[in-house]
Amino acid sequence: MQEKTTREMIIETNRDVKWMCETLKRIDKCNEDLEGRIRNLEGWKSEAVGNEKRGQQLSAGIGAGAGGVMAVVLKLLGGG
């Protein structure tokens, strides 16, 4: 087996470092894309939870209003 010269090892190391830097840049880009998608999902989830809570509050308000109206109607009809 032939020993590599110092020059050959430096060239190989330089090539490897360039490859690693390019690979890390691609990984960073993928991470940025992933983080953006996660932020979008978190925003959507937060909005969905808010809409669900508003819907529950609206339903509770409608239920309370309907119950109040029924109490008045029953009172008027002499049932309560």
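Glu52 satisfies every condition listed in (1) open to solvent by 100 Å² or more (accessible area, probe 1.4 Å); (2) among the charged types (D, E, K, R); (3) over 18 Å from the mean Cα position of the chain (by Cα) except (3). Filtering Asn51, Asn14 for residues that are at pLDDT below 90 and part of a helix (DSSP H, G or I) leaves a single hit, Asn51. Taking the criterion of being exposed (fewer than 10 other Cβ atoms within 10 Å of the Cβ) and either touching a strand residue (DSSP E or B) at 6+ places or on another chain (Cβ under 6 Å) or among the basic types (Lys, Arg) (or both), the only residue of the range 1-25 that qualifies is Arg7.
The values are calculated or read from the model by the stated rules, or taken from the named source; none is laboratory data. The model shown is predicted, which means the values in this text are computed figures rather than measured ones. All Cβ positions, glycine included, derive from the backbone under ideal geometry; neighbour counts span all protein chains shown. With ligands, DNA and RNA removed, areas are computed over all heavy atoms of the protein, side chains included. Shrake-Rupley method; radii C 1.70, N 1.55, O 1.52, S 1.80 Å.
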